[in-house]
Amino acid sequence: AAVRSANRAARAAERSLLAGLRPLLSAARPQEPPQKVMWVDQHFARAEGGRAVVEVVDDVVYLAAALRNTGNGIALLHGWYPYSERRGSEDDHEPPERFRRLTRDLYVAAGDNGFWQGSIRDADDPHRADMLRAIEARDPLTVDILYGDHEGGQRAIARFALTPFDDGYLFAPVRYWNIDLPDPR
């Protein structure tokens with residue numbers, strides 16, 4: 001009985017420690033300073049809080065958004081998956097191995113702001129034509145972002161809606177999934 005009790009206490013302590021390191025990404029608030037975003041090809045944009053960057057320049061699709069880490073741990077962004085339509089909370093995510101890797105490591109400190117960025121450059125990219133069509137039509141888009149803690153664990157997927165509004169796009173969370181932990185739902 002003492003061994004079982006000690007094991008339960010150790011598991012509870014481990015869960016508590018992991019919760020202290022867990023990041024939680026959300027959209028940055030509108031009043032927060034914009035994030036300066038630069039892609040590998042020297043394209044620049046400003047990602048405003050609560051808004052998404054959706055640009056097409058020379059047939060390259062540039063996407064970005066300001067993020068806020070409302071969790072306790074540093075968020076390391078691993079990848080992203082684009083949808084050329086609105087995807088809701090009832091729609092499942094793609095497997096993590098199908099996500100696109102980022103060109104560089106992006107981190108968002110706990111309680112701080114940062115950004116996510118992606119681009120679609122290749123003419124033979126399977127998502128390119130649909131994304132270009134949706135952007136031209138000003139249809140809603142969706143992006144899933146795969147991230148985890150600074151050690152690469154506690155992976156989660158956050159789904160964000162990119163909704164056309166005025167001259168740009170709003171950026172808002174839709175759903176979260178735990179990958180390495182049990183789903184609380």
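The values are calculated or read from the model by the stated rules, or taken from the named source; none is laboratory data. This structure is a prediction, so every number in the text was calculated from the model and none was measured. When we count neighbours, we look across all protein chains shown, and the Cβ atoms used for this are built from the backbone with ideal geometry, even at glycine. These area figures cover heavy atoms from the full protein model, side chains too; ligands, DNA and RNA do not enter into them. Shrake-Rupley method; radii C 1.70, N 1.55, O 1.52, S 1.80 Å.
Of everything in segment 42-71 that is among the acidic types (Asp, Glu) and modelled with pLDDT of 95 or more, the residue that is farthest from residue 21 (Cα to Cα) is 55.
What residue, of 144, 122, 130, is among the acidic types (Asp, Glu), farther than 23 Å from residue 67 by Cα and in contact (Cβ under 8 Å) with a residue 40 or more places away in the chain?
Numbers: 144 fails: farther than 23 Å from residue 67 by Cα; 122 fails: in contact (Cβ under 8 Å) with a residue 40 or more places away in the chain.
On inspection, the qualifying residue turns out to be 130.
The set of residues from segment 102-144 being in contact with a Phe, Trp or Tyr (Cβ under 9 Å, 6 or more places away or on another chain), in a strand (DSSP E or B) and open to solvent by 30 Å² or more (accessible area, probe 1.4 Å) comprises just one member, 103.
I'd like to check something: does segment 154-166 contain any residue that is over 13 Å from the mean Cα position of the chain (by Cα), assigned to a loop (DSSP other than H, G, I, E, B), modelled with pLDDT under 95 and farther than 19 Å from residue 74 by Cβ?
Step one: of segment 154-166, the residues over 13 Å from the mean Cα position of the chain (by Cα) are 154, 163-166.
Right, trim to assigned to a loop (DSSP other than H, G, I, E, B) and you get 154, 166.
Still in the running and modelled with pLDDT under 95: 154, 166.
Next cut, farther than 19 Å from residue 74 by Cβ only: 166.
Checked segment 154-166: at least one residue is over 13 Å from the mean Cα position of the chain (by Cα), assigned to a loop (DSSP other than H, G, I, E, B), modelled with pLDDT under 95 and farther than 19 Å from residue 74 by Cβ.
Reported count of residues in segment 43-99, each being among the aromatic types (Phe, Trp, Tyr), part of a strand (DSSP E or B) and either touching a helix residue (DSSP H, G or I) at 6+ places or on another chain (Cβ under 7 Å) or open to solvent by less than 50 Å² (accessible area, probe 1.4 Å) (or both), is 4. Consider residue 112 carefully, then state whether it is touching a Pro at 6+ places or on another chain (Cβ under 9 Å), touching a residue at least 40 places away in the same chain (Cβ under 8 Å) and among the acidic types (Asp, Glu). No; evaluated as a whole, the condition is false for this residue. Note on segment 33-42: among residues that are in a strand (DSSP E or B) and either touching a residue at least 24 places away in the same chain (Cβ under 8 Å) or in contact with a Cys (Cβ under 6 Å, 6 or more places away or on another chain) (or both), the one that is most open to solvent (accessible area, probe 1.4 Å) is 35. Annotation: of all residues in segment 167-185 being part of a strand (DSSP E or B) and over 20 Å from residue 54 (Cβ atoms), the one that is farthest from the chain's Cα centre (by Cα) is 178.
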